[in-house]
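Scroll down for the structure; my scribbles are underneath it.
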Amino acid sequence: MPSVNVVSGKQIVVETLDPGQRVGRFLAKPFLQMWHHRELIQAILRRELRARFQGSAGGWFWAVVAPLVAIAVYTFSFTTTMQLPLADTLGSHRIAYALFIFSGIVVFNFFSEMAFRSPMLLHEYAHFIKHTIFPSDMLAVIATLRATAYTLVSVVVMLIFQISVSGRLPWTVLLIPLVLLPLLVFLLGLAWFLCAVGAFTRDAGYLMINIVPLMMFATPVFYPHTSLNLLIYANALTGFIEIMRDIVLLGQLPGVLVSIWVLVTSAATFYFGYWFFDRYRNVIVDVI
């Protein structure tokens with residue numbers, strides 16, 4: 001299939017690409033787009049981060065308070081009256097179980113923020129998309145980076161709490177970026193897909209509002225993944241949570257099969273989401 005490029009606004013160059021070249025161009029396209037629009041991404045991202053707590057005296061302090069309150073509630077609950085089974089690998093320390101839950105919450109909250117916002121994201125910026133030459137696919141990138149900033153705050157709080165519980169951090173915490181990066185890639189692909197679907201119907205947003213809270217109980221946030229069979233890995237978040245707990249709480253390297261599954265899932269979701277969005281890019285302007 002030929003590729004058409006416009007040079008200097010006049011000359012049209014038709015390239016004949018073989019299948020390998022087309023695949024290579026498709027794989028590189030989202031990254032080239034991000035690099036090309038990097039200044040726009042940075043500008044809008046800075047504005048969104050400032051606007052998150054605009055008018056608040058506490059500002060970014062509230063981004064720290066939220067995970068601290070969550071940790072405090074879990075610790076109080078599991079050191080007083082609640083009698084929930086503890087993961088065998090964490091022993092009988094209930095504070096450790098509160099941290100076990102929080103490590104799952106960090107991953108799930110990252111997912112839930114993207115799932116809730118993505119279907120309505122293009123509607124938020126409808127004015128720019130309709131009245132300017134605006135790279136609409138970069139909105140998902142900006143939203144994902146915005147959510148990443150708040151997730152990093154929660155990760156720092158989790159590490160501080162881990163030190164307070166065990167008195168040390170395992171060396172494997174250095175691998176946390178290797179968990180967050182595939183998770184970011186996975187959620188970016190999901191955001192592209194939900195953005196495109198949400199442009200055609202607002203029902204996608206309402207569907208996420210109803211499904212996401214239920215997914216928390218289908219995700220090993222409150223219980224170890226070993227308590228269920230392999231079907232639990234059909235939920236892509238399972239692998240991310242398992243790896244996070246391995247490197248932060250247990251101080252061990254994640255399993256090879258789980259790591260491969262996470263990488264494959266992330267790459268497949270990323271490219272499928274971008275392909276789906278790119279396929280309907282020109283139609284989206286007319287329907288939002």
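Taken together, the values in this text are just the output of simple stated rules run on the coordinates, not laboratory data. Remember, it's a predicted structure, so these values are computed and weren't measured experimentally. Here Cβ is always computed from backbone atoms with ideal geometry, including for glycine, and neighbour counts include all displayed protein chains.
Order by neighbour count: Thr219, Thr201, fewest other Cβ atoms within 10 Å first, most last.
Thr201, Thr219
What translational diffusion coefficient, to the nearest whole µm²/s, does segment 39-287 have by Stokes-Einstein, given a Kirkwood radius computed over alpha-carbon pairs, a temperature of 25 °C and 0.890 mPa s viscosity?
Here the translational diffusion coefficient equals 128 µm²/s.
Around Gln42, what is the net charge, scoring Lys/Arg as +1 and Asp/Glu as -1 over all other residues with Cβ under 14 Å from its Cβ?
Residues near Gln42 contribute +3 overall.
Tell me, Met208, Met216 in order of fewest to most beta-carbon neighbours within 10 Å?
Going from sparsest to densest Cβ surroundings: Met216, Met208.
Would you report the distance distribution of C-alpha pairs in segment 115-231 as whole percents per 10 angstrom bin, up to the bin with the largest distance?
It works out to 12, 30, 33, 18, 7, 1, in whole percents.
Taking the inverse of the average 1/r across all pairs of different Cα atoms in segment 185-288, what Kirkwood radius in Å do you get?
15.4
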